[in-house]
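The values are calculated or read from the model by the stated rules, or taken from the named source; none is laboratory data. As the structure is a prediction and not an experimental result, all values here were calculated from the model. Note that we place each Cβ from the backbone using ideal geometry, even for glycine, and neighbour counts take in every protein chain shown. Each accessible area value is taken on the protein alone, full model and side chains, heavy atoms only, with ligands, DNA and RNA left out. Shrake-Rupley method; radii C 1.70, N 1.55, O 1.52, S 1.80 Å.
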Amino acid sequence: MRNSTRSRVDPFIVMDVMEAARRAEEAGRHIIHMEVGQPGTGAPKVALEALGARMASDPMGYTVALGLPALRQRIARLYGDWYGVDLNPERVIVTSGSSAGFLLAFTALFDSGDRVGIGAPGYPSYRQILRALGLEPVDLPTAPENRLQPVAADFAGLDLAGLMVASPANPTGTMLDRDALGALIEAAQGQGASFISDEIYHGLEYEAKAVSALEISDEVYVINSFSKYFSMTGWRVGWMVVPEDHIRTIERLAQNMFICAPHASQVAALAAMECEDELQANVEVYRRNRQLMLEGLPKAGFTNIAPPDGAFYVYADVSDLSDDSRAFAAEILEHAGVAVTPGLDFDPLRGHHTLRFSYARATADIEEGLTRLREFMRSRG
Ligand SMILES: Cc1ncc(COP(=O)(O)O)c(C=O)c1O
């Protein structure tokens, strides 16, 4: 049977690394996981209890397409608590993770062939989802002096229909401050490009509070998720905030594409929003891990890193050590027993020279991983 050309997207290389790590573990080796972009912790305990209690009495049928009204209201309240933004709950759409938010946003905003700017390095699935929808991802190579975030000059005259940014970003953990984010929104709007802000790592920030695009403009799409701060990756629940006059468009798409986000996950997510103590304790673990990484990676020989403002990643330029990040990551896995991600996932052009280290796991694992990396690099000479 024939395949569409638009389905020919690239594999997610980190998944290949995970598979290689799994094979090594199956063969009896102990591997430290610095490749995975997910918390080692599970959903907050109270969320599990709330779901357990609800399942006893509720058949958990479909919810309405835009999500449980109580959850939409609670998410709207989060914008008051975190950013001082008074948000109409009607503008909150509950999605099956931010991944479904991308599908809905790209479908609602763009027509086939439209060009959408994304920062490089950046989260790989933006590019692949855009391609699969018949849209054209336009890589904006970012500069170290801009902390690997796009600036308006990067897309001047590129005839974009949209611009997608993330702050804190994956793989760098760098953030856009209010001025930088404001300048990007203004430049995008000035060119008639729709602005999409991926805010999935909000709540995981270490120096300053992340700024939401909604603090600056209502004419933006904001995408977020329960996967990271709320530690609920596999539950597949997230949300999106859209301008008022886009709600009905998204509702029609969501009804047809998804019917609804998983009902059980929505119940757990609502309860998770009341678990601040447990979630903040997770953030404190990441904070400690980040400090260990910033001290330990240079000691191991990975000296070219930008301190991350948020998320749980360090992106390292390893051009002094290798010009083949995929082979280098394989060598590190083989000899150090540490799984790391080659930069090619995030930047097809310059990623040959970069690695991403995740510090989302337990502190003891981070300490052990750094020791192994130091010993491996010493033996490598
Ligand atoms: C920047 C970014 N956006 C979106 C996602 C996808 O998250 P979700 O689990 O909400 O679909 C990830 C996952 O790692 C990510 O790093």
Over the alpha-carbon set of the chain, work out the extent along each principal axis and list the three values in angstrom, largest first. 60, 55, 52
Helix 13-26: angle to the longest alpha-carbon principal axis of the chain, degrees 0 to 90, nearest 10? 60 degrees
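Where does segment 1-106 land on the Kirkwood hydrodynamic radius, alpha-carbon pairs, in angstrom? Please list the in-between numbers first.
Working: mean 1/r = 0.0540 Å⁻¹.
Computed over Cα pairs of segment 1-106, the Kirkwood hydrodynamic radius comes out at 18.5 Å.
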Please work out the average accessible area per residue across the chain, using the 1.4 Å probe convention, and give it in Å². 42 Å²
Starting from a Cα-only point model with no solvent, please compute log10 I(q)/I(0) by Debye for segment 89-169 at q = 0.12, 0.13, 0.20, 0.22 1/Å. -0.36, -0.42, -0.92, -1.06
Please state, rounded to one decimal and in Å, the Kirkwood hydrodynamic radius that segment 235-381 gives when every pair of distinct Cα atoms enters the mean of 1/r. 18.1 Å
If one compares the long axis through the Cα atoms of helix 263-272 with the longest principal axis of the Cα atoms of the chain, the angle in degrees, nearest 10, works out at 70 degrees
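So, by mean Cβ neighbours within 10 angstrom, what's the order for 338-344, 93-99, 231-237 with the highest one leading? Numbers along the way, then the final one.
Details: 338-344: 26.3, 93-99: 24.6, 231-237: 21.3.
Taking the mean over residues of other Cβ atoms within 10 Å, the ranking is 338-344, 93-99, 231-237.
Rounded to a whole number, what % of the accessible area of the chain do carbon and sulfur atoms account for, probe 1.4 Å?
Numbers: 8030 of 15960 Å².
On the chain, the fraction of accessible area on carbon and sulfur atoms equals 50 percent.
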extent check for segment 142-196: Cα max minus min per principal axis, descending, whole Å, gives 28, 18, 17
Helix 247-257: angle to the longest alpha-carbon principal axis of the chain, degrees 0 to 90, nearest 10? 70 degrees
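How big is the shadow of the Cα convex hull of segment 166-210, averaged over all directions, in nm²?
Values: hull surface 12.9 nm².
The Cα convex hull of segment 166-210, projected and averaged over all directions, gives 3.2 nm².
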Sequence-distant or interchain residues sharing an amide H contact under 5 Å with residue 95, placed H: which? 238, 239, 240
Rounded to whole Å and ordered largest first, report the semi-axes of the equivalent ellipsoid of segment 253-312 derived from its Cα gyration tensor (root of 5λ). 37, 18, 7
To the nearest Å, what is the center-to-center distance of segment 10-81 and segment 248-295, using C-alpha atoms only? 8 Å
Rotationally averaged projected area of segment 133-231 (alpha carbon convex hull; nm²): 6.8 nm²
Considering only 52, 351, 182, give the residue with the highest GNM mean-square fluctuation for the chain, with springs between Cα atoms whenever their separation is below 10 Å. 52
Round to a whole angstrom and tell me the spacing of the C-alpha centers of segment 182-246 and segment 159-178. 9 Å
Of 165, 85, 241, the one that fluctuates the most in a GNM where the chain has Cα springs shorter than 10 Å: 85
Would you mind checking which residues have amide H under 5 Å from residue 318's amide H? H placed 1.01 Å from N; only 5 or more apart, or other chain. 354, 355
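Relative contact order for the chain: what is it in percent, counting Cα pairs under 8 Å that are at least 6 residues apart? Provide the component values of the computation, followed by the final result.
Working: 736 pairs, mean separation 92.4, N = 381.
Contact order relative to length: 24 percent.
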Would you list which aspartates and glutamates come within 14 Å of residue 45, measuring only between C-alpha atoms, while excluding same-chain residues fewer than 8 positions from it? 274, 276, 277, 278
